[in-house]
Amino acid sequence: MKKYLFVALLSCASWVSYAQEERNPEQAATMSLQECIEYAWEQNAAMRKAQYDVQKATAQVRETVGVGLPQINGQAQFIDNINVQRSFIPAEFFGGEPGTFMPVTFQPKYNSNASITATQLIFNGSYFVGLQASRAYKEFSVRQLAVKKVEVAQQVSKAYLNVLINEERLGLLQANLQRLDSLLIQTKALNEAGFAEEIDVFRVEVARNNLRAEYEKVSRLVNLSYVLLKFQMGMPLEQDLKLSQTLADFQLSVVTQEMLQAEAAVENRPEYKLTEQAIHLQELNKKNVLSGYLPTLSAFATIGANFAGQNLDGYTDFENRWFEYSLVGLRLDVPIFDGLQKKYKTQQNKIEIAKLEEDKRQLTQAIQMEVMQAQINFQNAISSLEAQKRNLELAKEVARIAAIKYQEGVGSNLEVIDAETAFKEAETNYYNALYEAWSAKIDLDKALGTLVQE
């Protein structure tokens with residue numbers, strides 16, 4: 001019996017574990033930068049809203065197409081003439097006294113009607129222009145989505161590299177902390193042996209405590225940078241995320257001299273294409289107003305049956321008491337005069353197009369300026385990074401030599417502590433410069449329109 005109970009419990013535990021895996025299929029996901037960007041394109045809130053706009057525009061295209069399809073409507077009514085209005089005819093028609101009138105009714109007490117009407121648009125200038133405009137609006141939504149994709153890729157790239165830089169910085173701080181721990185143990189041993197003063201121990205311990213605080217600070221910063229990355233991706237903040245790439249997988253050397261001297265190719269920027277599409281939409285709007293001068297032709301057809309009587313006897317006798325009818329026809333609507341409304345609407349459209357053309361020219365200049373600024377910022381960032389990298393190498397070498405001198409008894413621990421402090425400061429400056437360089441590189445790719453390839 002215990003054996004069966006154990007098997008049952010084991011099965012339940014396996015089922016619960018399987019259910020949890022089903023509920024958390026992406027738990028502890030390991031992702032590259034490109035995978036994070038693609039995830040963000042699907043899950044980022046701004047991207048999802050832009051995708052909804054594309055879906056909405058697609059539905060609007062289909063709605064506009066539906067206007068040109070046959071429109072079929074059914075109608076049924078039942079009327080009970082409770083008190084039928086009388087009409088008056090000369091009484092002499094019925095043998096009455098001339099000059100008098102006799103009240104009569106020409107409507108039955110009950111009548112009913114059922115019909116189906118179909119209409120088909122044959123020609124309407126606004127319909128065909130509207131169809132073009134709806135498709136152009138869908139393309140406008142697609143362009144908006146492309147703009148948002150670049151923005152999201154830029155944000156995720158910076159957040160991803162920020163995590164990698166903070167993790168590498170944390171690893172280097174850990175190595176520094178281990179060195180100071182060793183130095184503290186060594187200094188305490190020397191103090192106990194009478195070869196070092198107690199103040200030397202205090203100095204090393206203060207430096208170690210400061211470095212420990214810095215390590216914990218950066219450790220929390222790493223956790224925060226993961227939170228920021230998941231937020232930019234649209235990933236649940238409680239979900240575990242691991243990065244499959246390291247900082248060594250990314251090289252700043254991929255930036256060529258041609259990129260630093262390239263002129264702005266505005267046509268590569270989705271914002272420029274979006275502005276062009278906005279102008280096209282406004283031109284279609286003007287064309288739609290002008291099409292209002294054209295006539296509209298449509299066809300219609302109706303079939304139905306009606307019933308009439310003083311009572312409801314035979315109401316369901318469709319063969320004998322209901323009388324069928326049908327009709328077909330054409331309808332032509334010709335606009336003649338609208339009080340000059342279309343004229344002034346056309347003028348407004350021309351003004352809107354002129355404003356958009358100004359926006360396009362201004363955007364062109366803004367992109368050109370953005371490219372030049374991004375190139376200068378990147379060059380400055382690279383120069384600063386090279387200087388800070390050299391400073392880091394020198395500070396590391398100074399710390400190494402100071403440690404050797406102290407071990408050989410020809411240097412003081414104060415010299416070692418000063419060297420370690422300078423080394424830590426050089427590390428901080430280097431990693432700040434490294435992030436600034438990567439951030440400038442990403443901004444340059446965005447300015448040149450090469451961050452996201454369509």
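The values are calculated or read from the model by the stated rules, or taken from the named source; none is laboratory data. Because the structure is a prediction, the values reported are computed rather than measured. Don't worry about glycine lacking a Cβ; one is built from the backbone with ideal geometry, like all the others, and counts go over all protein chains shown. Note: accessible area is taken over every heavy atom of the protein model, side chains too, but ligands, DNA and RNA are not part of it. Shrake-Rupley method; radii C 1.70, N 1.55, O 1.52, S 1.80 Å.
Things to note:
- Being open to solvent by less than 50 Å² (accessible area, probe 1.4 Å), in a helix (DSSP H, G or I), in contact with a helix residue (DSSP H, G or I) (Cβ under 9 Å, 6 or more places away or on another chain) and over 14 Å from Tyr272 (Cα atoms) is a property that Ile382 has.
- Residue in segment 52-65 that is of a type in the set (A, V, I, L, M), open to solvent by less than 100 Å² (accessible area, probe 1.4 Å) and over 30 Å from Lys149 (Cα atoms) present: no
- Residues in segment 287-333 that are in a loop (DSSP other than H, G, I, E, B) and of a type in the set (A, V, I, L, M) were compared, and the one that is farthest from Val129 (Cα to Cα) is Leu312.
- Residue under evaluation Ala387, criteria (1) under 30 Å from Thr421 (Cβ atoms); (2) at pLDDT below 95; (3) surrounded by fewer than 15 Cβ atoms within 10 Å (Cβ to Cβ), criterion not met: (2)
- In this structure, Leu394 does not satisfy being open to solvent by less than 40 Å² (accessible area, probe 1.4 Å) and in a helix (DSSP H, G or I).
- Any hit, segment 163-178, residues being surrounded by fewer than 18 Cβ atoms within 10 Å (Cβ to Cβ), in contact with a Lys or Arg (Cβ under 7 Å, 6 or more places away or on another chain) and at pLDDT below 95: yes
- For segment 227-274, the candidate set comprises residues that are open to solvent by 90 Å² or more (accessible area, probe 1.4 Å), over 28 Å from Ala46 (Cβ atoms) and not in a helix (DSSP H, G or I); within that set, the residue that is modelled with the highest pLDDT is Gln251.
- Unmet requirement for Thr105, which otherwise passes all of (1) open to solvent by 40 Å² or more (accessible area, probe 1.4 Å); (2) within 30 Å of Tyr272 (Cβ to Cβ): (2)
- Test result for Thr275, under 27 Å from Leu145 (Cα atoms) and either in contact with a strand residue (DSSP E or B) (Cβ under 8 Å, 6 or more places away or on another chain) or of a type in the set (Val, Ile, Thr) (or both): yes
- Within segment 42-60, residues that are more than 15 Å from Met233 (Cα to Cα) have Cβ atoms under 6 Å from residues that are open to solvent by less than 30 Å² (accessible area, probe 1.4 Å) in these pairs: Asp53/Ser141; Val54/Ser141; Ala57/Ser141; Gln60/Ser134, counting only partners at least 6 apart in sequence or on another chain.
- Residues of segment 39-77 that are touching a strand residue (DSSP E or B) at 6+ places or on another chain (Cβ under 9 Å) and part of a helix (DSSP H, G or I): Tyr39, Val67.
- Qualifying positions in segment 78-95 - open to solvent by less than 100 Å² (accessible area, probe 1.4 Å) and in a strand (DSSP E or B): Ile79, Asp80, Ser87, Ile89, Pro90
- If you go through segment 398-454 and keep only what is under 47 Å from the mean Cα position of the chain (by Cα) and not in a helix (DSSP H, G or I), you end up with Gly449, Thr450, Leu451, Val452, Gln453, Glu454.
- Tyr160 vs. criteria among the aromatic types (Phe, Trp, Tyr), closer than 30 Å to Lys56 by Cβ and surrounded by 17 or more Cβ atoms within 10 Å (Cβ to Cβ): no
Matching residues to (1) free of Cβ contacts under 8 Å to residues at least 40 places away in the same chain; (2) under 30 Å from Leu448 (Cβ atoms); (3) in a loop (DSSP other than H, G, I, E, B):
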residue: Ala118; (1), (2), (3): no, no, no
residue: Val142; (1), (2), (3): no, yes, no
residue: Lys149; (1), (2), (3): no, yes, no
residue: Lys158; (1), (2), (3): no, yes, no
residue: Ile165; (1), (2), (3): no, yes, no
residue: Leu173; (1), (2), (3): no, no, no
residue: Ser182; (1), (2), (3): yes, no, no
residue: Gly194; (1), (2), (3): yes, no, yes
residue: Phe202; (1), (2), (3): yes, no, no
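- Identity of the residue in segment 334-349, without any contact (Cβ under 8 Å) to a residue 40 or more places away in the chain and in a loop (DSSP other than H, G, I, E, B), that ends up least open to solvent (accessible area, probe 1.4 Å): Gly339
- Looking at Ala426, Ala374, just one residue is within 30 Å of Glu197 (Cβ to Cβ) and surrounded by 15 or more Cβ atoms within 10 Å (Cβ to Cβ), and that residue is Ala426.
- All of (1) under 30 Å from Leu33 (Cβ atoms); (2) exposed (fewer than 15 other Cβ atoms within 10 Å of the Cβ); (3) among the polar types (S, T, N, Q) hold for Gln362 with one exception: (1).
- Every residue from segment 28-45 that is loosely packed, with under 14 Cβ neighbours inside 10 Å and among the hydrophobic types (A, V, I, L, M, F, W, C): Ala28, Ala45
- Scope segment 307-321; condition surrounded by 15 or more Cβ atoms within 10 Å (Cβ to Cβ) and under 60 Å from the mean Cα position of the chain (by Cα); matching residues: Phe307
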